[in-house]
Amino acid sequence: MVGACRESTGHRRKGSSRGEQGVDATCVRRTPPCRSLDRAPVVTNSPSSLAASLTKIPLTSHIEGSSCHPLPEDAAQFDRQDRPFLAIDLFAGAGGLTQGFRDAGFKVVQAVEQDPAATATYTANHPDVDVICADIQTLDPIACLERINLACGEVSILIGGPPCQGFSESNRRTRTLANPKNHLYIDFLRFVTSVKPEWVVFENVAGLRTMERGVILSRILVALREAGYEAESCLLNSANHGVPQVRRRLFVIANRLNLPIPQKTDLVTLAKSDRITVRQAIADLPMLPNGASIDKLEYPSNPTSDYQRKMRQGVGKLVSGNLVTRNCAHIQQRYRHIPEGGNWKDIPVSLLSNYTDRTRCHTGIYHRLSWDLPAKVIGNFRKNMLVHPNQDRGLSVREAARLQGFPDTYHFTGTIGPSQQQVADAVPPLLAEAVAVAIFRSLVSAPQRFSPDPMTAALTVGTVSTSKESASISHTNDIP
Ligand SMILES: C[S@@+](CC[C@H](N)C(=O)[O-])C[C@H]1O[C@@H](n2cnc3c(N)ncnc32)[C@H](O)[C@@H]1O
């Protein structure tokens with residue numbers, strides 16, 4: 001077994017080593033890492049406030065109706081004041097997944113992220129979370145738990161999405177098992193077997209199902225099942241769940257409580273005609289020039305849609321993130337030829353002299369968004385170059401964030417490049433919230449099956465094997 005499960009008293013220990021020692025390297029892996037990589041610095045947020053907040057954490061957000069995916073009334077009985085729903089987010093990025101789970105009522109207590117810029121954004125938006133800025137391969141999961149005064153079996157849910165570029169169907173170079181980044185799922189599973197959460201949510205691109213004939217997805221499902229979890233995968237389209245963007249993502253959902261795993265149909269789902277459009281999402285944001293660089297500007301108008309009203313909740317007159325990539329004149333000239341819904345094919349050949357091999361261009365290149373449809377997938381601007389519906393420029397950081405479902409209170413720290421990357425990498429918070437609420441519903445639907453003693457179940461959890469490739473992949477839960 002990876003990491004021994006020590007006995008829990010059922011209570012949080014007082015005077016934790018983390019609370020007393022603050023920032024330290026106690027979570028460094030005690031066993032040698034799988035692959036040798038440099039240690040990154042460990043960053044943490046206000047340990048004393050975290051320790052205090054762990055003692056009593058009310059679940060209020062959806063019970064008070066602030067969520068767009070409300071829970072049934074009987075959800076209130078799951079507001080366990082003595083043992084709230086604690087979550088840990090691995091590969092946390094800017095915190096899209098965290099935001100969705102928080103909005104659904106989970107208390108995210110720890111996050112692991114390697115990139116300092118993403119960590120800075122995460123920390124700015126979730127100051128009460130213990131953030132470990134480090135390469136996950138160097139970390140000991142039990143030591144990470146000790147930092148926040150928890151033992152294995154005490155975490156409700158482990159969530160996370162390892163880097164996905166290596167699985168993406170648009171990646172023609174490194175979409176192979178030889179890419180070391182395609183093996184970080186092993187570290188996710190290593191945390192599962194040590195932390196022994198009640199639930200697991202693993203998110204990635206749809207291409208994980210087809211990369212090398214789905215072998216990695218198969219390994220993940222086999223490993224979870226061998227560790228005592230019921231595990232299923234499903235493909236979700238964020239546009240069906242309140243996000244103004246067509247973005248298909250794979251979710252592996254698992255639990256060790258014998259509770260039903262939410263099916264796609266258990267998620268709050270919009271009719272196709274009710275999908276949120278680009279106009280409903282961003283039409284109230286400032287007009288901007290190419291290369292706009294003033295971060296905060298006044299909203300030019302009142303909100304005109306429920307979505308805009310929701311995104312603007314808690315913000316004053318100023319909106320941040322009005323940063324746009326500066327394109328040179330010949331690129332701006334190309335933009336002028338593209339109609340709403342059009343793409344690079346609308347640009348005269350004479351203006352595309354540097355595109356020698358146009359067979360390699362896909363429809364997402366120079367795509368101009370349509371006002372009255374959900375957006376195409378928000379990827380990194382340098383690769384996709386999504387164009388504003390009626391301004392000849394790329395999307396601002398805030399527009400991209402709105403199309404991902406980040407509220408306007410969410411700040412992306414740092415310069416435009418890393419901010420664009422963080423937005424593009426994120427799980428849309430509204431999609432994460434839909435999944436999180438469905439997990440709550442699963443708990444509510446079978447309360448008699450809920451195990452109040454995490455250790456009883458935790459001790460039955462076995463060893464994870466990441467070597468088997470033979471499992472059949474269950475896709476009972478797919479989108480059409
Ligand atoms: C797809 S993004 C995660 C997005 C995040 N779930 C969200 O919703 O905002 C993957 C993240 O994993 C981080 N990452 C990559 N390799 C890592 C490693 N070895 N250890 C920790 N984090 C890593 C990347 O910096 C990136 O932010």
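The values are calculated or read from the model by the stated rules, or taken from the named source; none is laboratory data. Predicted model only: the values in this text are computed from it and were never measured. Glycine also receives a Cβ, built like all others from the backbone with ideal geometry; neighbour counts cover every protein chain displayed.
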Considering only residues of the range 110-154 that are of a type in the set (Val, Ile, Thr) and within 21 Å of the chain's Cα centre (by Cα), which is surrounded by the most Cβ atoms within 10 Å (Cβ to Cβ)?
Ile132
For the range 191-201, how many residues are more than 11 Å from Ile157 (Cβ to Cβ) and not polar (S, T, N, Q)?
2
Against the conditions (1) at pLDDT below 95; (2) among the basic types (Lys, Arg); (3) closer than 21 Å to Arg279 by Cα, where does Lys468 fall short? Just the number, please.
(3)
Selection from the range 195-223 of residues that are within 16 Å of the ligand (Cβ to nearest atom) and either in contact with a His (Cβ under 9 Å, 6 or more places away or on another chain) or not assigned by TED's automatic domain parsing to the domain that holds Tyr185 (or both):
Ile216
Going by the structure shown, is Phe78 modelled with pLDDT under 95, more than 11 Å from the ligand (Cβ to nearest atom) and surrounded by 24 or more Cβ atoms within 10 Å (Cβ to Cβ)?
no
